[in-house]
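See structure below.
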Amino acid sequence: MWETCSVQLNVRLPRDIAAQAEEVQKTDPEFLSRVVLYGLTRRSIYRHLRENPGTIAPDSGDAPISVPS
């Protein structure tokens, strides 16, 4: 797996979503951590694909991958 470290995030959310996030943080902090990791991973992949169009070749038999411009 990866080497990890803790970070402090401050985000501004609508009140109802903030209340839900606080509840999840209290009851299942690991889940909230996975949700944030998932979101940041998707963003990183999207950014890479946007900055490097055509760098991913589909496997044989797969449909071509199209990246919106």
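Read the figures in this text as sums done on the coordinates, not as results from a lab. Since this is a predicted model, take the numbers as computed values, not measurements. Every residue, glycine among them, receives a Cβ derived from its backbone with ideal geometry; neighbour counts consider all protein chains shown.
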### Summary
Simple spin-label estimate for Ser33/Arg15, 7 Å along Cα→Cβ, in nm, reads 3.2 nm
#### Entry: Neighbourhood charge, 14 Å Cβ-Cβ cut-off, centred on Arg34 and excluding it, Lys, Arg +1 and Asp, Glu -1
-1
### Message
Could you derive backbone 3J(HN,Hα) for region 39-49 from the dihedral phi with the Karplus parameters 6.51, -1.76 and 1.60 (θ = phi - 60°), listing whole Hz in sequence and x where the residue is Gly or Pro?
### Response
x, 5, 5, 4, 5, 5, 5, 4, 4, 4, 5
### Task
Report the extension gain between Glu23 and Leu49 in nm, rounded to one decimal, defined as 0.36 nm multiplied by the number of residues separating them, less their alpha carbon distance.
5.9 nm
